[in-house]
Amino acid sequence: MELVSRRDPHLREVVWFAACCRALTLLLQARCLLDFSPLFFFQALFNLLIPDHAADAFHPPRLSEPGLWDLLLERLLGGLSHWDAEHFLFIAERGYLYEHNCAFFPLYPLSVRAAAEGALWPLQRLLRLRSRLLLSAVLLNSLFSVLAAAALYKLGCVVLQCRRVAFLAAVLFSVSPANVFMAAAYSESMFAFLAFSAMWQLEKGQSWLSGLLFSLASGVRANGLINAGFFLYSRGKCFALQLQVGSGSVRKLPPLWKQLLSVASSAVLMCAGIFLPFALFQYYAYVRFCGPGTGLEQAVPKPLLQLALDKGYRLAAMDGVKPPWCSQRFPVVYSYIQDAYWNVGFLRYFELRQIPNFLLALPVTLLGSWAAWTYIIANPRHCVTLGLERRKSEEEGKPRAGFCCPAVFVYVVHATVLLAFGFFCMHVQVLTRFLGSSSPVLYWFSAHLLQEYEPLLWSEGTGNQTAAPRSEKSLLGKSPGSCGKGTSENPIVRLLLNRRFITPLGKCVLGFFLSYWLLGLILHCNFLPWT
């Protein structure tokens with residue numbers, strides 16, 4: 001894919017800025033540098049104000065003694081191996097040994113293992129397997145996050161028809177509130193790259209390549225299944241618009257039954273391809289945990305067997321007793337694990353003790369809701385007709401550009417569905433990384449707000465925008481250009497260098513992105529006792 005082009009300075013700036021942000025994240029989380037970092041103050045402060053929390057997180061025992069280089073790597077990158085990262089690294093090392101490991105899909109840990117055994121094979125004498133897995137996860141995620149930023153920029157250029165807003169959105173993605181999860185041994189970076197690339201290819205008309213990328217994404221995270229809606233909407237919209245063409249063009253179209261057959265067959269094939277990785281993984285789990293005993297528990301190291309007894313984890317073919325989900329009409333292990341192990345379900349998280357987690361998710365909830373409301377207010381008829389009505393602007397070849405353009409409709413629906421599902425049915429504290437790695441809308445809308453209401457980013461000489469004060473112009477020099485052109489000057493750097501001129505709204509948007517970036521480092525990378 002043409003993710004990097006020498007002719008596009010905006011894309012080069014996106015890639016460079018994304019790489020710098022990833023390097024800064026890795027630098028800030030390194031424990032050996034913590035004592036010399038300003039974040040040490042936050043560690044000491046939170047340790048005094050917040051009591052210790054004994055988290056019942058998955059933490060399997062290390063079976064081999066670490067060497068000197070293993071200890072050094074753990075000191076440098078150990079903060080990126082906590083919480084769900086433990087599951088991914090454990091799966092990459094030992095496979096799906098425990099039943100609840102099946103909540104994490106296989107493509108990412110398989111990629112990590114392949115990189116550790118392939119690209120990092122020369123380091124096997126210096127590093128044990130788990131250390132190489134952690135290093136390969138960090139390297140892969142650094143690559144995927146940079147490529148995801150590039151794919152988001154390309155997607156924005158096609159959908160928004162405004163290169164400048166697309167550029168700003170891609171730069172905002174590089175300082176995403178979910179930044180630490182893009183760096184840690186999580187699957188968010190890989191999923192974001194595959195999902196944004198698939199959306200971009202679909203917008204370009206590359207249906208089969210888009211279907212392949214969507215299929216791979218569904219092998220990374222379960223919410224990749226929802227991406228089938230993009231293909232269904234694309235095919236349905238094309239069919240609806242064909243029915244509305246003028247009488248002069250009807251003769252050139254095939255018969256209606258052929259159009260219906262073509263749309264239905266392509267929709268079935270693409271949806272089957274997207275759902276195939278999920279179905280295969282559920283079948284694999286059924287064979288592994290519901291099939292006849294294989295004596296696997298005898299080959300499991302004793303410390304891991306003891307962990308299963310202490311924590312109540314179910315091993316494959318343990319004692320010949322099948323899990324309850326095996327006898328269900330549709331034996332889906334994923335939904336069973338979410339229900340039995342983590343109590344995920346409709347309104348189950350609505351408890352008084354979860355108020356801090358709801359407050360943690362409040363900014364992204366408000367931003368996502370505001371984005372949907374803004375789009376509906378700007379395009380009421382388009383939303384009522386589901387974008388299936390041919391408009392005069394389309395016939396004249398002059399579609400509206402920016403966040404409120406008609407092409408953004410399906411992305412707003414997708415983001416709203418994810419937001420509602422995450423808020424009412426999931427552990428709400430994961431909502432920020434859930435949306436941040438799955439939907440471009442948060443970045444497009446934030447870029448739209450900055451572009452519309454931040455004078456520091458306004459173009460000079462445009463008739464429909466108010467120019468910045470002269471004192472600001474003298475400091476800033478030439479502003480970026482209009483939607484179609486513009487310089488490759490980084491807007492985030494520009495705002496930070498001139499922060500005293502930023503409007504309150506601009507401070508809120510940037511404050512949300514940057515503060516959650518640091519907050520994620522503090523909460524995830526073992527700066528606090530409860531992580």
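Brief remarks follow.
- Evaluating residue 334 against the criteria (1) crowded, with 21+ Cβ neighbours inside 10 Å; (2) assigned to a helix (DSSP H, G or I) leaves one unmet condition, (1).
- Any hit, region 317-324, residues being in a helix (DSSP H, G or I), surrounded by 15 or more Cβ atoms within 10 Å (Cβ to Cβ) and touching a strand residue (DSSP E or B) at 6+ places or on another chain (Cβ under 9 Å): no
- Residue in region 112-119 that is at pLDDT 95 or above, under 19 Å from the mean Cα position of the chain (by Cα) and open to solvent by 20 Å² or more (accessible area, probe 1.4 Å) present: no
- Residue within region 295-302 that is in a helix (DSSP H, G or I), within 30 Å of residue 65 (Cβ to Cβ), of a type outside the set (Phe, Trp, Tyr) and modelled with pLDDT of 85 or more present: yes
- Residue 180 being open to solvent by 30 Å² or more (accessible area, probe 1.4 Å) and β-branched (Val, Ile, Thr): no
- Here 388, 359 are screened, and the one residue that is hydrophobic (A, V, I, L, M, F, W, C), within 25 Å of residue 515 (Cβ to Cβ) and either open to solvent by less than 70 Å² (accessible area, probe 1.4 Å) or assigned to a helix (DSSP H, G or I) (or both) is 359.
- Listed by position, the helices (runs of 4 or more DSSP H) inside region 7-102 whose residues that are among the acidic types (Asp, Glu) and modelled with pLDDT of 90 or more number at least 3 are 84-94.
- Among helices (runs of 4 or more DSSP H) entirely within region 413-531, having at least 3 residues that are out of contact with any His (no Cβ under 7 Å at 6 or more places or on another chain), open to solvent by less than 20 Å² (accessible area, probe 1.4 Å) and modelled with pLDDT under 85 singles out 504-524.
- Among the residues of region 73-93, those that are of a type in the set (A, V, I, L, M, F, W, C) and in contact (Cβ under 8 Å) with a residue 24 or more places away in the chain comprise 73, 76, 77, 80, 83, 85, 88, 89, 90, 92.
Yes/no matrix, rows are residues, columns are (1) open to solvent by 30 Å² or more (accessible area, probe 1.4 Å); (2) outside any loop (DSSP other than H, G, I, E, B); (3) without any contact (Cβ under 8 Å) to a residue 40 or more places away in the chain; (4) among the polar types (S, T, N, Q):
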| residue | (1), (2), (3), (4) |
| --- | --- |
| 194 | no, yes, yes, no |
| 220 | no, no, no, no |
| 231 | no, yes, no, no |
| 240 | no, yes, no, no |
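- Exactly one residue out of 220, 159 is of a type outside the set (D, E, K, R), modelled with pLDDT of 95 or more and touching an Asp or Glu at 6+ places or on another chain (Cβ under 8 Å), and it is 159.
The values are calculated or read from the model by the stated rules, or taken from the named source; none is laboratory data. The structure displayed is predicted, hence computed values, not measured ones. Cβ: placed from backbone, ideal geometry, glycine included. Neighbour counts: every protein chain shown. Calculation scope for accessible area: heavy atoms of the full protein, side chains included, ligands and nucleic acids excluded. Shrake-Rupley method; radii C 1.70, N 1.55, O 1.52, S 1.80 Å.
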